[in-house]
Amino acid sequence: AKRTSREASGSAAPKPGWAGPAAAAAAPATPQIQLIPASPEGALDAAEEAVDLLLDSGRTPGDVLVITTGEPHPWAAHELSFGESAYWAQHDAGDDVFYADAALAARAASRPVVVVAVNGGPEAAAVTALSAAHSRAGALLIVCGDPQRINSVLGAGV
């Protein structure tokens, strides 16, 4: 097995919270969570602004998954009009931002950044979307919506 520079140098104990390579492989890192307060009507716009900022800051489009809880994002609705095969082929290509609604989110692959627009829909859709988003976000989970609703959903065990 390869030795890390820390092991090779015989330096002091690892930093607190360092679990070592075996634990890191066993338990995925918890993504950083950011909340952007927005009304259900404004959640999709807030999510779009977050995506624009991510791309402007150097994230590649393929790093980003956007999940909606209410009405699907217009891109998803448009792409699904060509059939599910074409829609999921774009997902699998992984070279662009991918948009899915809560019902389809469980099928989406993990991405470094997941943005959730809590833009209405039933409580169950919000729970499904936030649960899927949390398990698929590698580094960052951004949730756009009503903070009270989000906190109540997150408090429900997401």
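The values are calculated or read from the model by the stated rules, or taken from the named source; none is laboratory data. Only a predicted model underlies this, so the values are computations on that prediction, with no experimental measurement involved. As a convention, Cβ positions derive from the backbone with ideal geometry for all residues, glycine included, and neighbour counts pool all protein chains shown. For accessibility, only protein heavy atoms count, side chains too; no ligands or nucleic acids. Shrake-Rupley method; radii C 1.70, N 1.55, O 1.52, S 1.80 Å.
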statement: So for R0 = 30 Å, FRET eff. of ASP92-THR30 from the Cβ-Cβ r, to 0.05, ends up at 0.70
task: Over 16 Å, how big is the tail of the calculated P(r) for segment 39-79, in percent of all Cα pairs?
output: 39 percent
message: With a 1.4 Å probe and all protein chains left in place, how much of the accessible area of segment 57-158 comes from carbon and sulfur atoms, in whole percent?
response: 54 percent
Distribution of pairwise C-alpha distances over segment 19-158, 5 Å bins, in %: 2, 11, 21, 24, 20, 12, 7, 2, 1, 0
